[in-house]
Ligand code: FES
Ligand code: FES
């Protein structure tokens with residue numbers, strides 16, 4: 001028999017490290033005489049698209065084409081220390097430091113542009129390759145020419161940005177306090193089909209509503225959401241380190257199975273944008289939020305289909321058959337009782 | 001490139017420049033501009049750490065512990081060192097500085113000295129002229145172990161008389177979260193559900209196994225090119241182990257084949273640097289998939305007991321939970337992963353009364369550390385199970401129940417922190433409601449489908 | 001190094017004749033990466049599970065980590081380096097780029113080769129056939145969706161311009 005069900009799941013995630021762990025970033029940028037910009041940032045590109053994102057932010061801030069940016073990343077011999085890449089903090093912290101570097105460079109840039117255009121530097125905006133007076137758009141100089149003039153006059157052409165979101169620590173006895181600089185949010189919906197003879201769970205549909213604050217690069221956000229959900233699906237249904245007497249028994253890709261293209265649905269990313277005033281252009285990280293709710297979402301769909309609750313990962317065919325009462329022997333873990341796990345005293 | 005090859009390329013199929021490259025991208029924020037790193041990646045030109053080579057390069061290989069908990073009585077490297085082509089066989093004794101590292105607290109040995117604490121802990125490392133000689137040498141190292149009693153589960157690890165993984169005791173960290181009055185909260189509840197949840201260990205399985213490359217440049221700077229989530233922390237830790245000033249060590253990240261948290265920790269970096277420093281030659285150390293899975297970190301297995309109460313109106317009144325997290329033989333980020341789990345055990349909902357405890361416990365299992373989701377993923381298995389079950393018991397729609405209880409600006413998290421306007425949980429849940437309408441989905445419908 | 005173990009490797013790699021003495025008894029993947037320095041083919045597992053080492057041997061995809069190097073003697077090998085160049089992308093490469101099917105890129109070379117192998121056998125694949133065609137290629141980053149759509153678009157692009165038999169051209 002095949003049973004279908006729908007389930008939902010949700011999560012919140014404190015962004016960054018919290019509780020007084022150092023949480024900062026630094027970015028340097030430099031303007032060449034031809035108007036192109038080089039960015040140095042010490043954070044790693046893991047494949048998530050951080051270097052692209054930083055180039056987008058710098059191009060946006062300076063009003064120059066994205067193609068005119070180039071980035072050098074994560075090299076202690078060349079870049080400033082920008083902290084680790086983890087905790088879904090990169091968009092948030094690295095992004096803010098890149099914006100601050102641009103604003104730092106805009107100081108001397110606006111000063112010279114103001115002199116040349118005879119305009120108050122505070123009135124200048126950077127857009128479409130021009131630096132122009134926002135009240136009189138005819139007064140403008142191309143970014144490219146301004147870059148050349150900066151070099152000719154020996155002005156400062158380098159900018160630095162530093163952003164620090166290190167929080168105070170929470171109370172050691174109660175953990176009360178402002179733990180994180182900001183929080184990320186996501187909810188997912190799954191539809192599953194459970195084969196009650198084989199115990200096999202097929203995910204037919206996986207929709208992921210993830211709050212990106214602002215999607216700086218929508219395709220990359222979708223990529224994080226789709227890939228994150230598939231890692232979550234692996235955790236939900238197939239992935240399990242079998243550790244016996246300390247030995248990781250299935251430590252090979254032939255025995256530790258991760259999802260293939262044939263195991264996954266076409267994840268539907270539903271990007272939600274709740275502006276975060278503390279993020280760059282309102283943005284925040286999505287990498288972890290996209291992974292977190294998937295397993296319980298699938299488990300709740302299994303419950304909707306079968307009436308049975310999955311409380312151990314993964315929901316492998318064996319475990320599902322056991323839940324459905326079709327396999328006799330008990331699992332070791334389900335023999336854990338409340339007595340084994342007392343709540344500590346207040 | 002030869003003339004022939006150029007001619008060949010001209011003949012090849014071409015569709016021209018991709019769409020996204022043709023636009024001039026002013027105002028790129030909000031646009032799916034083409035990634036900066038994608039052309040090298042689609043053409044195979046991107047250089048990953050394991051792709052590096054240099055004239056005179058040696059190949060590194062590591063010997064991993066075969067015992068979960070044992071004293072090292074002796075290591076005989078003589079046969080290994082005699083293999084032709086072998087240039088170095090290093091053990092703990094050969095470390096010039098401190099034999100210690102660790103992402104949060106330095107409790108891990110670079111090469112096991114006197115004692116091993118998990119299967120997969122590096123015991124010796126070899127550099128040889130080629131992979132074949134390196135493998136041979138590793139297979140000829142003889143380690144004499146004296147097995148010790150071991151502990152393989154965090155609940156057992158807390159029992160009196162449990163074997164000690166580290167002298168300071170098996171509790172790495174105990175987090176307490178206390179908000180409101182838990183007794184009162186459960187008194188107000190008309191429905192209470194209580195369960196045990198268990199999550200298994202998960203391997204990150206980035207398609208690129210850990211790899212590093214090291215050499216000494218003309219100025220005497222020790223260079224390490226690697227696949228890392230934090231080059232600067234690697235540099236600090238390498239310098240301490242090699243007893244070098246930090247500014248004489250350079251760590252650069254190459255194109256990375258995925259990390260997902262695992263490469264936040266030191267992987268090959270210290271070992272490959274040690275080999276280059278000792279031999280004076282460039283060295284490449286690339287883990288096989290099996291080695292990487294044994295020796296690197298994974299997602300913490302957890303055991304959770306939790307009870308959650310709601311009143312007749314369907315509002316959450318209290319949550320109480322206890323978490324046992326298996327951090328394995330060394331701490332890695334085990335303090336913070338399991339701490340974060342305690343804070344997030346209730347999920348994105350408002351609880352006036354909240355109490356949780358989490359224990360991050362050492363065992364003789366593989367090391368568990370940071371992995372995309374960082375404890376919150378394990379917490380979600382519990383809180384979403386609890387919430388769903390409460391909705392069912394109260395006869396409420398699962399989405400409505402979540403919307404009724406989710407955090408909103410002005411409401412407080414488990415730590416008492418008050419949510420700001422950037423509280424998006426309601427918006428994501430409403431997006432799912434809309435999605436269900438758009439797709440004609442409902443929680444109540446015939447479950448059975450014809451096979 | 002065992003001098004007796006040298007073999008003469010005569011073959012075509014990415015359209016170029018290669019003829020050299022090399023240490024035998026290794027995998028084709030090692031010969032390509034270590035001897036020819038063609039490091040575009042990756043080693044994700046070394047046991048035939050991940051597909052990141054996929055190359056074309058006489059036009060058909062093989063896992064170079066499971067292929068003895070001697071098996072390539074007298075034959076034609078195409079690696080990712082022989083597929084397209086930065087200014088001259090192959091339709092599959094261009095489509096993966098456009099669609100966003102590349103994150104860390106570690107699976108990408110093998111994925112591109114498998115897709116080419118599929119499209120030369122089946123110029124108009126269904127989504128199910130694409131999934132089957134790449135089910136031996138693991139990707140830990142993307143969730144596969146953008147890769148699948150990318151391959152679908154590449155197939156459309158090729159058909160609309162009336163081109164098939166790519167491998168014959170690419171390996172000529
Ligand atoms: S390296 Fe050949 S299949 Fe994984
Ligand atoms: S893009 Fe990273 S493995 Fe596929």
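General remarks:
- Shape annotation for region B:240-328: C-alpha extents along the principal axes are 73, 32, 25 Å, from largest to smallest.
- When peptides B:331-342, A:10-21 are ranked by their average number of other Cβ atoms within 10 Å per residue, the highest-first order is B:331-342, A:10-21.
- Across peptide A:336-343, the mean count of Cβ atoms from other chains lying within 10 Å of each residue's own Cβ comes to 6.
- By other beta-carbon atoms within 10 Å, ranking B:415, B:363 with the fewest at the front produces B:415, B:363.
- Here, region C:52-121 is characterised by an Rg to Rh ratio of 0.98, where Rg is the alpha-carbon radius of gyration and Rh the Kirkwood radius.
- Residues residue B:144 and residue B:164, FRET efficiency given R0 of 25 Å [Cβ-Cβ distance, rounded to 0.05]: 0.70
- Ellipsoid fit via the Cα gyration tensor, region B:25-122: semi-axes of 41, 22, 12 Å, each the root of five times an eigenvalue, largest first.
- Value of D in µm² per second that Stokes-Einstein yields for region B:86-185, Kirkwood Rh from Cα pairs, at 4 °C (1.567 mPa s): 75 µm²/s
- Mean separation of Cα contacts under 8 Å (6+ apart) over length of chain C, as relative contact order %: 23 percent
- The sum of -39500 (n - 2.57) across all DSSP H runs of n ≥ 4, divided by the residue count of chain C, sets its helix-only mean residue ellipticity at 222 nm to -9000 deg cm²/dmol.
- Value in Å of the Kirkwood radius, where region B:177-264 supplies the Cα pairs that are averaged: 17.2 Å
- Other protein chain Cβ atoms within 10 Å, averaged over every residue that makes up B:341-354: 3
- Chain B - mean residue ellipticity at 222 nm from DSSP helices (-39,500 (n - 2.57) per run, n ≥ 4, rounded to 500): -7500 deg cm²/dmol
- For the options C:21, C:111, C:69, a Gaussian network treatment of chain C with springs between C-alpha atoms closer than 10 Å singles out C:21 as fluctuating the most.
- Whether the protein assembly as shown is rounded, prolate or oblate, judged on the alpha carbon gyration tensor where a/c under 1.5 counts as rounded: rounded
- For chain C: span of alpha carbons on each principal axis (Å, largest first): 51, 32, 27
- A Förster radius of 45 Å combined with the Cβ-Cβ distance from residue A:155 to residue B:100 puts the calculated FRET efficiency at roughly 0.40.
- For region A:1-105, the spread of Cα coordinates along the three principal axes comes to 70, 34, 23 Å, biggest extent given first.
- Among B:34, B:125, a tally of other beta-carbon atoms within 10 Å of each Cβ gives an order, fewest to most, of B:34, B:125.
- Sorted peptide list for B:160-170, A:58-68, criterion being average Cβ within 10 angstrom, highest first: A:58-68, B:160-170
- Averaging Cα coordinates gives a centre for region B:70-105 and one for region B:273-313; these two points are 22 Å apart.
- Label point distance in nm, residue C:121-residue C:18, each placed 7 Å from Cα along Cα→Cβ: 2.4 nm
- Overall shape of chain B was characterised from the C-alpha gyration tensor. The equivalent ellipsoid obtained from it has semi-axes of 46, 33, 19 Å, in decreasing order.
- Cα convex hull, region C:91-161: 70 Å³ per residue, rounded to a whole number.
- Residues B:392, A:173, A:45, sorted so that the one with the fewest Cβ neighbours within 10 Å comes first: A:173, B:392, A:45
- Gyration tensor (alpha-carbon) shape descriptor, region B:300-401, a/c threshold 1.5: prolate
- What the pair-distance distribution of region B:57-106 shows, using all Cα-Cα distances binned every 10 Å from zero, is 16, 43, 33, 7, 0 percent.
- Modelled label positions at residue C:35 and residue A:135, each set 7 Å beyond Cα in the direction of Cβ, lie 7.5 nm from each other.
- Helical content alone sets the calculated 222 nm signal of chain A at -8000 deg cm²/dmol, taking -39,500 (n - 2.57) per DSSP H segment of four or more residues and averaging over every residue.
- C-alpha center-to-center spacing [region B:117-185, region B:193-222] in angstrom: 16 Å
- A simple spin-label model places pseudo-atoms 7 Å from Cα toward Cβ; at residue A:115 and residue A:266 they are separated by 5.8 nm.
- Across chain B, C-alpha contacts under 8 Å between residues 6 or more apart give a mean separation that, scaled by the residue count, equals a relative contact order of 18 percent.
- Only Cα sites of region A:249-333 enter the Debye sum here, all with the same form factor; the resulting log10 I(q)/I(0) across q = 0.23, 0.26 1/Å is -1.27, -1.35, listed in q order.
- The mean sequence distance of close C-alpha pairs (under 8 Å, at least 6 residues apart), as a share of the length of region C:91-161, puts its relative contact order at 52 percent.
- Residue-averaged beta-carbon neighbours from other chains (10 angstrom radius) around A:79-88: 6
- Potential lengthening between residue B:131 and residue B:444 on full extension [0.36 nm per residue; Cα-Cα distance subtracted]: 106.6 nm
- Chain A gives an Rg/Rh value of 1.11, both radii derived from C-alpha positions and Rh following Kirkwood.
- Quarter of the Cα convex hull surface for region A:113-164, i.e. its orientation-mean projected area (nm²): 4.5 nm²
- An ellipsoid equivalent to region A:24-164, defined through the eigenvalues of its Cα gyration tensor, has semi-axes of 28, 14, 13 Å when rounded to whole angstrom and sorted largest first.
- Förster radius 51 Å - calculated FRET efficiency between residue A:318 and residue A:70 (Cβ-Cβ, nearest 0.05): 0.45
- Rg to Rh quotient for region C:3-82, alpha carbon positions, Kirkwood Rh: 0.93
Values quoted throughout were computed directly from the atomic coordinates according to the rules given, and no laboratory measurement underlies them. This one's a predicted model, so the numbers in the text were calculated from it and none came from an experiment. Backbone-built Cβ (ideal geometry, glycine too); neighbour counts: all protein chains shown.
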